[in-house]
Every structure is written in structure tokens, then in C-alpha cells.
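Quick notes on the structure that follows.
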Number of protein chains: 4
Amino acid sequence: MHQAIFSDYIDVELVKCSAEDMDVVFSARVSTEGERTRDYGVMLEDNELSDRDKGLINFLMRERHGTPFEHSYFTFYVKAPIFVWREHMRHRIASYNEESGRYKQLEPEFYVPERDRKLVQVGKPGAYEFEDGSNNQYALVSTSLRRMCEDTYSEYLKLIMNGVAKEVARMVLPVNIYSSAYVTMNARSLMNFLSLRQNVEGQTFPSYPQREIEMVAERYEEIFEYHMPVTHAAFVKNGRVSP
Amino acid sequence: MHQAIFSDYIDVELVKCSAEDMDVVFSARVSTEGERTRDYGVMLEDNELSDRDKGLINFLMRERHGTPFEHSYFTFYVKAPIFVWREHMRHRIASYNEESGRYKQLEPEFYVPERDRKLVQVGKPGAYEFEDGSNNQYALVSTSLRRMCEDTYSEYLKLIMNGVAKEVARMVLPVNIYSSAYVTMNARSLMNFLSLRQNVEGQTFPSYPQREIEMVAERYEEIFEYHMPVTHAAFVKNGRVSP
Amino acid sequence: MHQAIFSDYIDVELVKCSAEDMDVVFSARVSTEGERTRDYGVMLEDNELSDRDKGLINFLMRERHGTPFEHSYFTFYVKAPIFVWREHMRHRIASYNEESGRYKQLEPEFYVPERDRKLVQVGKPGAYEFEDGSNNQYALVSTSLRRMCEDTYSEYLKLIMNGVAKEVARMVLPVNIYSSAYVTMNARSLMNFLSLRQNVEGQTFPSYPQREIEMVAERYEEIFEYHMPVTHAAFVKNGRVSP
Amino acid sequence: MHQAIFSDYIDVELVKCSAEDMDVVFSARVSTEGERTRDYGVMLEDNELSDRDKGLINFLMRERHGTPFEHSYFTFYVKAPIFVWREHMRHRIASYNEESGRYKQLEPEFYVPERDRKLVQVGKPGAYEFEDGSNNQYALVSTSLRRMCEDTYSEYLKLIMNGVAKEVARMVLPVNIYSSAYVTMNARSLMNFLSLRQNVEGQTFPSYPQREIEMVAERYEEIFEYHMPVTHAAFVKNGRVSP
């Protein structure tokens with residue numbers, strides 16, 4: 001018998017990447033020098049960016065020369081509820097391979113927000129702001145989600161045990177069930193994602209993302225900053241406008 | 001009080017299109033003639049394709065010259081359950097505007113398969129075949145879905161009435177709830193969709209779509225055939241391989 | 001015998017479009033209303049936008065909600081020199097069918113800038129500014145181009161007359177020879193093109209386009225403004241930042 | 001004084017890649033296993049594919065499940081004449097950074113076909129075949145190209161020395177001048193390129209590429225085969241149809 005699990009995290013792990021600030025410098029320099037200036041043998045010993053390199057990256061970001069940021073790639077393993085995937089997959093400049101509800105029996109893990117997730121929406125469509133929920137409101141959310149997830153997952157199992165196809169049985173499952181996927185994006189697409197799916201002080205264009213996809217973006221940003229610190233700094237400095 | 005509605009249809013309506021076989025002919029002819037040969041004033045009086053025009057369309061399809069099929073556009077209004085949208089939006093060469101569960105309260109309309117929907121899956125992953133379900137199996141599916149939809153929608157309403165944000169309350173809703181969207185695709189993307197989301201005799205590459213997205217594809221195909229009959233015939237004749 | 005023609009224009013003609021401000025309103029409204037609100041029978045009699053509609057378009061532009069601008073399409077016939085096409089085709093979110101130098105003998109029409117085209121480049125890479133050329137400089141440009149075009153086109157013809165394949169003979173031709181293409185873009189891609197390929201007062205992000213592709217953009221903009229005046233006004237009002 | 005160089009090669013070098021057969025296996029397995037199965041620590045010691053892994057890759061290729069091939073990336077440095085770039089950049093699912101004729105003075109290196117390049121085109125548009133040229137034809141091609149390249153490059157230099165902007169001066173240059181670029185593509189896009197830009201025995205859909213872009217494809221294919229041998233073998237086995 002399966003026991004439902006209730007979780008409040010979003011899991012983002014870096015599977016692999018081929019991404020460093022030098023990618024930007026070298027691909028941009030081909031415009032003005034016309035030569036293949038990159039030599040990885042040398043790079044491994046001395047991949048320090050000069051001030052001129054850093055200035056170039058900032059210039060490209062500021063002037064919205066986006067293509068030099070397309071040669072750096074990140075592949076993530078992400079585990080998130082379906083309602084997050086629904087938003088994530090609207091980003092068409094990315095590659096996805098997601099767990100299939102047609103091919104495999106889904107695991108009973110469901111998202112329930114943590115206590116300090118803001119629950120009350122104020123303001124108007126397109127610019128909602130969120131406020132804390134009361135204890136009572138949180139209890140309602142938590143209880144409703146838990147009970148409904150257990151009930152619907154029981155029905156799911158019953159249908160499967162009675163020989164109903166997985167793709168039919170899953171129709172009963174709620175959108176807070178977890179699903180996992182491989183996601184590959186280049187640095188330019190990633191910055192576009194960050195600019196739209198985070199609400200951060202200092203960004204030129206405000207965004208109003210749902211908190212749960214913002215959690216994905218926050219984790220993406222940490223990984224991005226770690227591997228491409230100069231590019232990330234230029235992104236932040238220039239108002240988090242994706243080039 | 002809202003009363004849940006259970007439906008077994010997929011709604012596809014053509015909102016608008018700018019799509020006719022002549023689009024293909026004229027855009028392809030620019031390659032060999034280099035002139036703007038299209039004159040809409042003349043076209044309106046005489047838009048009959050010559051045998052040479054029809055031969056050209058068949059040639060382009062057979063030789064996979066895909067770009068001339070990109071100048072014809074269809075905008076659809078589609079109403080389908082969320083699990084269909086999940087598959088549909090994997091098609092990145094399309095434009096979508098979907099109903100928002102963050103901005104509006106979702107209507108209690110849910111998909112329940114009709115009696116003759118095949119319910120039993122045999123074979124192996126990637127090449128499943130489906131067989132009829134028993135009366136008992138169908139009753140189980142229908143009963144489970146109806147009860148769970150009513151229960152979860154009640155919880156959804158209760159959360160909203162208690163001041164919980166719509167984007168949180170909706171986490172409890174199942175993937176068979178209907179959602180609607182505007183979808184715009186060009187004829188090339190549409191043929192790609194048809195080739196992957198239908199299982200039709202005579203197609204060169206077999207596909208194993210879930211029945212409900214195949215219903216979307218069937219309706220798209222009727223509209224496509226109506227507006228671009230020569231292109232559609234060439235698509236079918238050439239094994240339904242998207243160019 | 002072919003006589004070379006020297007021209008200083010860029011030809012942009014609208015072949016067809018399915019583009020009006022109401023497209024934006026209707027596709028955006030599906031988010032909040034979830035219904036197909038568009039009814040073309042009614043539209044034809046009364047397609048006046050209300051103040052609320054206009055406000056919605058401005059809101060979408062300002063908040064960078066780009067997808068509602070993807071359901072409006074323009075197909076252009078464009079005739080421009082090859083060096084312009086080289087830049088134009090870097091825009092990947094568009095559909096192209098171009099005259100083929102492999103399938104047809106190219107016509108001897110060549111671009112020579114008009115007298116008041118600024119010829120002198122000052123400043124530094126990425127932010128060049130241009131100044132008027134002297135009479136002597138213009139005479140040099142005009143004479144060089146004319147003579148080289150005549151010479152190379154003669155060689156081109158000679159090679160073809162001696163049985164050399166067109167795709168080989170064309171290697172001798174200069175990048176100012178004209179070529180024509182069908183180009184299809186949606187309104188969102190078009191605004192992106194306008195924001196990058198024009199240098200207009202009041203734009204939030206400066207651009208430094210080559211004059212000849214700016215001429216294409218100017219003509220696109222006129223057509224865009226004519227068919228989608230409210231969308232265009234919102235684009236201009238919001239600093240010509242593509243949503 | 002610059003001396004023109006005449007070359008008959010296409011240069012393709014791998015700058016970097018993150019591409020191995022295991023990428024395909026791991027991203028595909030997430031569909032059926034829903035777990036992050038990749039662990040690079042283990043991989044480095046034992047990255048041998050099992051027969052089951054190889055079978056999976058062949059299955060994905062045959063059934064046209066294209067997305068698992070999108071997580072492997074190649075960045076190339078390519079040096080080729082402009083007429084090759086014109087075709088290459090029609091492939092929109094790739095990232096490009098090319099040498100700029102606006103920012104730098106172009107080097108006088110020009111493409112002249114080698115003696116055994118087939119020069120005579122027979123058959124009809126869309127399915128041309130090529131035959132050997134005579135000595136006389138080759139001499140004509142070689143002489144014309146060399147003389148015109150020298151003449152036009154002299155004019156180019158003269159204009160620049162007289163203060164004319166590089167972006168104007170370059171209008172006189174022919175399409176066989178070399179230009180270089182960084183090109184990044186994933187394995188799926190790369191197979192699409194190979195299927196369209198090579199004419200190889202055994203391919204399901206014939207292609208009729210210009211020889212010079214086929215030279216690019218041939219070199220890409222060597223690199224692809226080296227890094228993803230199982231994927232490459234499956235591509236060839238399945239008629240070189242891109243998934």
C-alpha cells in the first residue's frame with residue numbers, strides 16, 4: 001500500500017553544464033576579431049577574465065546583444081508540482097523530458113505549501129501582491145490538500161488495480177502532484193526565465209510570479225551565478241533585463 | 001452554489017485564419033522567379049490552382065521543403081482538459097494564451113471519457129495499444145472521476161470563500177478540469193502536430209497519442225483540410241510526414 | 001545582353017496580414033474570462049476598441065506580457081540587397097522564402113546608396129555614429145560599386161554561358177546584389193525587429209542598426225501602425241521595448 | 001598591401017561540447033523512471049552503454065522521439081564563404097556569432113573550388129545533379145573568381161582608406177569571401193542539419209545540397225560520430241531521418 005507524502009520543497013539539481021563566462025567573451029570576440037580565439041588547453045591553466053573581458057560582458061548585457069549568451073548550456077533535473085510545470089513549459093526556448101503519466105505509475109508525493117507561504121492575494125490581476133494567511137487559513141489549505149490528495153490517489157490506485165490504463169486513471173489526480181524532468185537551457189534563455197519568474201528588488205521590469213515557480217528560479221539563479229559569476233553580475237547590474 | 005458539469009468533448013473552433021493553398025505556391029515561386037507573383041485583387045476572382053500549382057505543392061511536401069508552408073496561419077479556440085494541454089504545450093512552435101487559474105475562478109467543468117473510449121492498455125511503453133474496457137471498468141472510471149471532481153471542487157470553493165488566493169486553492173483540482181486557450185500555428189507546425197498526435201492508417205511513421213489529444217488533432221485536421229485542400233491531400237499522399 | 005541596374009531603394013510590400021488590435025484583446029481576455037469572446041460576425045460591423053480594450057493593450061505592453069501579440073500575422077514581400085538579408089535572417093522567429101541563386105539566374109540589379117546616406121563612421125564598435133560623406137567620398141563609393149557590379153555580373157554571365165552551374169557562377173557576385181523574399185512574422189517578432197533595427201528618439205534601449213536594414217524596419221513599422229494602431233501606440237509609448 | 005588568398009577548404013573545429021550518448025539515455029529514462037538516474041561521479045568511471053541503453057537510443061530514433069536528443073550540445077568554430085553562411089543561417093534552431101563586416105576590416109581570403117568540384121548542373125530545379133566540369137570550365141571559374149576577388153578587394157581597401165565606413169565599403173565584396181562564426185547546436189538540430197545538407201546513400205529522404213555546405217555537414221558528422229557513436233549509428237541505421 002502506498003502512503004502519500006506531503007512536501008513543500010522544489011528540487012533543482014544541476015545535472016551538467018558547459019557554461020563559463022569565457023564562452024561569452026570568446027563568442028563575442030569572433031565578431032571583431034574573426035578568429036577562433038579560444039584554446040581550451042590554455043584555458044584550463046588560466047581562465048581568469050581580464051578587466052577588458054568583464055567590460056565586454058557588461059557592454060553586451062547593457063546593449064542587449066543576446067547571442068553571445070547562447071553558447072553556454074545548463075541541464076537541470078527539476079522536481080516540482082504539475083502546476084509549476086504548466087508555467088515552466090510556457091518557456092519554449094528550452095528542452096524538456098518529463099516523467100510520463102502514460103508510461104509509469106505516478107508516485108504519491110504532493111506539494112503542500114509551508115506555513116509561511118503567503119496565502120492571501122490582494123490587488124488586481126496582473127499585479128497581485130500577496131499577504132500572510134491566518135493560522136486558520138493555513139490549516140484549511142493544508143487539510144484540504146492532504147485529504148484530497150489521499151482520496152484521489154486511492155482512486156488512482158483502485159482504477160489501476162482494476163486494469164484501467166494509467167493515462168486514464170491519472171485524470172483523477174490533482175495538479176499539486178510532483179513530476180520530474182530534465183530541463184536544458186542556454187544562459188540567454190535562463191536570464192529570460194529569471195527576469196520573468198522572479199520578483200526582485202532593483203529589476204527594471206517588475207514581475208509577479210507564482211511563488212512556487214519563483215522557487216525554481218531562485219535555485220536556477222544560484223547555479224547560474226556559481227558558474228558564470230561575471231555574466232550574472234552584469235545581469236543584476238543592468239536591471240535583470242534579459243539581453 | 002456551483003454544480004459540477006461532466007463532459008466528454010474537446011472543443012476546437014477556428015477563430016480566424018489566413019491560410020490557403022495559394023500561399024504555398026506563391027511563397028515557393030519566389031525561389032525560382034524572384035518576383036512577387038501574388039496579387040490579391042486578381043486572386044479573389046480566380047484562385048483556382050492549376051495542375052502545375054498542385055504538382056508544386058506535392059513536390060515540396062515530398063522533398064520536405066518545409067518553409068513555404070509557414071506563411072499560412074490558423075488561430076483556434078480550444079477547450080480541453082488540463083492533461084491535454086500538458087501535452088499540447090510541448091509543441092513549442094505555436095502561440096498560446098490560456099485561461100489563468102491565478103486570475104480567475106475556474107469553472108467546475110470536468111472531462112469524463114465517453115463509454116466507448118478504450119480503457120485498457122496493452123503492449124509496451126512507447127507502443128501501447130488500447131482495448132475496450134468492461135462495463136464495470138467504465139463504471140469505476142466514471143464514478144471515481146465524478147466523485148473526486150465534486151469533492152475537490154467543493155474544497156476549491158471553500159478555500160476561496162475563506163480568502164485563500166486562487167493560485168493556492170487551485171492546487172487541489174484534478175488534471176481533468178477543462179481549460180481554454182487561443183492557439184496559433186502555421187500550416188507546417190500544424191502538420192507536425194497531426195503527424196505526431198494521430199494514429200492513422202497509411203502514415204509512414206506510427207504514433208501512439210493519447211486519445212484525447214488525438215481528438216484535438218482530428219478537429220484541427222478537418223479545418224486544415226477545408227482551408228488548404230491541396231496541401232492536405234499532399235500531406236496524406238506523402239505518408240503524413242510533416243515537411 | 002543584360003544591363004546592370006543601380007537602385008537605392010528597399011522594397012517592402014504587404015502581401016497579406018491577419019492582424020488587428022482586437023486579436024490582442026481577445027487572446028488576452030481568454031486568460032481572465034476563459035471564453036471565446038471573439039465573434040467575427042459581430043466584429044465586422046463594430047470593431048471599435050473601447051477605452052478598456054486600449055488600456056488592456058497598454059498594460060500588456062508595459063508588463064511585457066508578450067504572448068497576446070503572437071496571434072497577429074504579417075506576410076511581406078521584401079526586395080533588398082544580400083547584405084541586408086544577412087542581417088535580417090539572424091531573426092529566427094520569422095519565416096522566409098528567398099529567391100534562389102541555385103535555381104534561377106539572378107537579375108543584374110545592385111544597391112548603390114543614395115547621395116545623402118551617411119558614409120563616415122565615428123565612435124567605437126557597438127555604438128558607431130555616422131556622418132555625411134564628402135562629394136568625393138560619395139563619388140568613390142558610387143563609382144566603385146557600379147564598376148565592380150558591372151564587371152562581376154559580366155563574369156557571372158560568362159560562366160553561365162560556358163555551362164557552369166548557377167550555384168558556382170554566383171560566387172563572383174557582390175553582396176549588394178538584390179534578392180527578394182517572402183517574410184512572415186507575428187506582431188511580437190515584428191516589434192522585436194523594430195526595437196533592434198531602428199534608432200529612434202525615445203527608445204529605452206538604443207540600437208545602432210545599419211541604415212539599409214533600418215529602411216526595412218521603417219517600412220514594416222508603417223504597415224504595422226496602419227493595421228494595429230493601438231498596439232503600435234502602446235509600443236511607442238512604452239519606449240519601443242518589445243514585450 | 002594586402003595579398004588576396006584563395007582557398008578551397010571549409011574549416012570546422014569543435015570548440016567545446018557537452019555531448020555523449022548517455023545524455024540521451026538519462027533524459028529519456030526520466031519519462032519512465034521519474035528519477036534523476038544520472039550520477040556523473042559514477043559515469044566517469046563507467047560510461048559504457050549497456051545493450052538495453054543502445055536499444056533505447058535506437059527506439060527513440062526510430063519512433064521519432066526527438067526531445068532526448070536536445071540535451072547534448074556542440075559549439076563549433078566554422079570558417080566558410082558567405083554563400084555557405086547564407087544557407088547555414090536558414091537553420092533557426094542554432095546559435096550564431098559571426099564575424100562582423102561592420103566592426104572589422106575583412107581579410108582578403110576567398111573561396112575558389114578545387115579542381116574536382118563538379119561544375120555542371122543537370123536535371124531540374126529541386127533535384128539537380130552535378131557533373132564534372134571540363135578543364136576549360138574550371139580555368140574559367142578559377143580565373144574569374146581570382147580576378148574579381150582581387151579587383152573588388154582593392155576597391156574595398158581604397159574606400160576604407162578614403163574614410164568610407166566599413167559597412168559601406170564591404171558592399172563591393174563578393175559572396176565567396178570567407179567569414180567565421182561560432183555555431184552552437186544540440187544533437188537533434190545537428191541531425192536535422194545532416195539530413196538536409198548531405199546527399200548520402202541510404203538516406204530515406206533525398207537531399208540536394210550545394211557541395212560547400214555539404215562539406216560543413218561532413219565535418220560536423222565526423223565530430224558528432226566521435227562523441228555520440230551510438231546515437232550516430234542509430235541515425236544512420238534509421239535512414240538518416242532526423243527525429
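The values are calculated or read from the model by the stated rules, or taken from the named source; none is laboratory data. All of these numbers come straight from a predicted model, not from anything done at the bench. Note that we place each Cβ from the backbone using ideal geometry, even for glycine, and neighbour counts take in every protein chain shown.
Conditions first: (1) of a type in the set (D, E, K, R); (2) part of a helix (DSSP H, G or I); (3) surrounded by fewer than 21 Cβ atoms within 10 Å (Cβ to Cβ). C:Glu221 passes all but one, so which condition is the exception?
(3)
Kindly check whether there is at least one residue in segment C:182-191 that is more than 30 Å from D:Tyr128 (Cα to Cα), in a helix (DSSP H, G or I), within 14 Å of chain D (Cβ to nearest Cβ) and not hydroxyl-bearing (Ser, Thr, Tyr).
Checked against the condition, which is being more than 30 Å from D:Tyr128 (Cα to Cα), in a helix (DSSP H, G or I), within 14 Å of chain D (Cβ to nearest Cβ) and not hydroxyl-bearing (Ser, Thr, Tyr), segment C:182-191 yields no hits at all.
Take B:Val216 and tell me if it is over 15 Å from the mean Cα position of the chain (by Cα) and either on the phi < 0 side of the Ramachandran plot or not aromatic (Phe, Trp, Tyr) (or both).
no
The conditions are (1) buried (at least 17 other Cβ atoms within 10 Å of the Cβ); (2) of a type in the set (A, V, I, L, M, F, W, C); (3) away from chain A (no Cβ under 14 Å); (4) in a loop (DSSP other than H, G, I, E, B), and D:Leu106 fails exactly one of them. Which is it?
D:Leu106 satisfies all of (1) buried (at least 17 other Cβ atoms within 10 Å of the Cβ); (2) of a type in the set (A, V, I, L, M, F, W, C); (3) away from chain A (no Cβ under 14 Å); (4) in a loop (DSSP other than H, G, I, E, B) except (3).
Are any of the residues in segment C:160-171 farther than 16 Å from D:Pro113 by Cβ and within 8 Å of chain D (Cβ to nearest Cβ)?
Checking segment C:160-171: not a single residue is farther than 16 Å from D:Pro113 by Cβ and within 8 Å of chain D (Cβ to nearest Cβ).
Among the residues of segment C:202-213, what is the count of those that are within 12 Å of chain D (Cβ to nearest Cβ) and not hydrophobic (A, V, I, L, M, F, W, C)?
Number satisfying all stated conditions: 5.
Tell me which residues, restricted to segment D:72-97, are hydroxyl-bearing (Ser, Thr, Tyr) and closer than 23 Å to C:Val183 by Cβ.
Selection gives D:Ser95, D:Tyr96.
Return the total of residues in segment C:20-33 being more than 15 Å from C:Phe59 (Cβ to Cβ), touching a residue at least 40 places away in the same chain (Cβ under 8 Å) and more than 9 Å from every other protein chain (Cβ to nearest Cβ).
Qualifying residue count for the region: 1.
Scanning segment D:115-129 for residues that are among the hydrophobic types (A, V, I, L, M, F, W, C) and in contact (Cβ under 8 Å) with a residue 12 or more places away in the chain, which turns out nearest to B:Gly66 (Cα to Cα)?
D:Ala127
Report yes if some residue within segment A:81-97 is more than 9 Å from every other protein chain (Cβ to nearest Cβ), farther than 27 Å from D:Ser189 by Cα and not β-branched (Val, Ile, Thr); otherwise report no.
no
For segment B:139-150, does any single residue satisfy the condition of being facing another protein chain (nearest Cβ under 9 Å), within 23 Å of A:Val84 (Cβ to Cβ) and buried (at least 23 other Cβ atoms within 10 Å of the Cβ)?
yes
Restricting to segment C:53-93, name every residue that is more than 17 Å from C:Phe235 (Cα to Cα) and of a type in the set (Lys, Arg).
Hits for segment C:53-93 are C:Lys79, C:Arg86, C:Arg90, C:Arg92.
Please specify each residue of segment C:221-243 satisfying the condition of being of a type outside the set (Lys, Arg) and touching a helix residue (DSSP H, G or I) at 6+ places or on another chain (Cβ under 6 Å).
C:Glu221, C:Phe224, C:Glu225, C:Met228, C:Val230, C:Thr231, C:His232, C:Ala234, C:Phe235, C:Asn238, C:Ser242, C:Pro243, listed by residue number.
Within the bounds of segment C:187-210, is there any residue that is modelled with pLDDT of 95 or more and among the β-branched types (Val, Ile, Thr)?
Checked segment C:187-210: no residue is modelled with pLDDT of 95 or more and among the β-branched types (Val, Ile, Thr).
Condition test on A:Gly133, is it farther than 24 Å from B:Phe83 by Cβ and either of a type outside the set (Phe, Trp, Tyr) or modelled with pLDDT of 95 or more (or both)?
Criteria met by A:Gly133.
For a quick check of your reading of the model, give me the residue pairs whose first member lies in segment D:101-114 and is within 30 Å of D:Asp132 (Cβ to Cβ) and without any contact (Cβ under 8 Å) to a residue 40 or more places away in the chain, whose second is of a type in the set (A, V, I, L, M) and surrounded by 20 or more Cβ atoms within 10 Å (Cβ to Cβ), with beta-carbon atoms closer than 7 Å and at least 6 apart or on different chains.
As it stands, the answer is none, since no pair meets every condition given.
I need the full set of residues from segment B:188-243 which are of a type in the set (Gly, Ala, Ser) and closer than 23 Å to D:Pro206 by Cβ, in order please.
The answer is B:Ser195, B:Gly202, B:Ala233, B:Ala234, B:Gly239, B:Ser242.
Could you figure out which of (1) facing another protein chain (nearest Cβ under 9 Å); (2) under 14 Å from the mean Cα position of the chain (by Cα) isn't true of A:Asn176?
So A:Asn176 meets the others, but not (2).
With respect to A:Arg117, is the statement that it is surrounded by 14 or more Cβ atoms within 10 Å (Cβ to Cβ), charged (D, E, K, R) and within 8 Å of another protein chain (Cβ to nearest Cβ) true?
yes
All but one of (1) touching a residue at least 24 places away in the same chain (Cβ under 8 Å); (2) polar (S, T, N, Q); (3) within 17 Å of B:Tyr156 (Cβ to Cβ) hold for A:Ser144; state the number of the condition that does not hold.
Looking at each condition in turn, A:Ser144 falls short on (1).
On the basis of being surrounded by fewer than 22 Cβ atoms within 10 Å (Cβ to Cβ) and within 27 Å of B:Pro125 (Cα to Cα), does A:Arg64 make the cut?
no
When you scan segment D:122-132, how many residues do you find that are at the interface with chain C (Cβ under 8 Å from one of its Cβ atoms) and touching a Lys or Arg at 6+ places or on another chain (Cβ under 7 Å)?
Selection size over segment D:122-132: 1.
In segment A:109-151, what residues are part of a strand (DSSP E or B) and not polar (S, T, N, Q)?
Correct list: A:Glu109, A:Phe110, A:Tyr111, A:Val120, A:Val122, A:Glu129, A:Phe130, A:Glu131.
Can you tell me how many residues in segment B:219-243 are of a type in the set (S, T, N, Q) and more than 16 Å from the chain's Cα centre (by Cα)?
Residues in segment B:219-243 being of a type in the set (S, T, N, Q) and more than 16 Å from the chain's Cα centre (by Cα): 2 in total.
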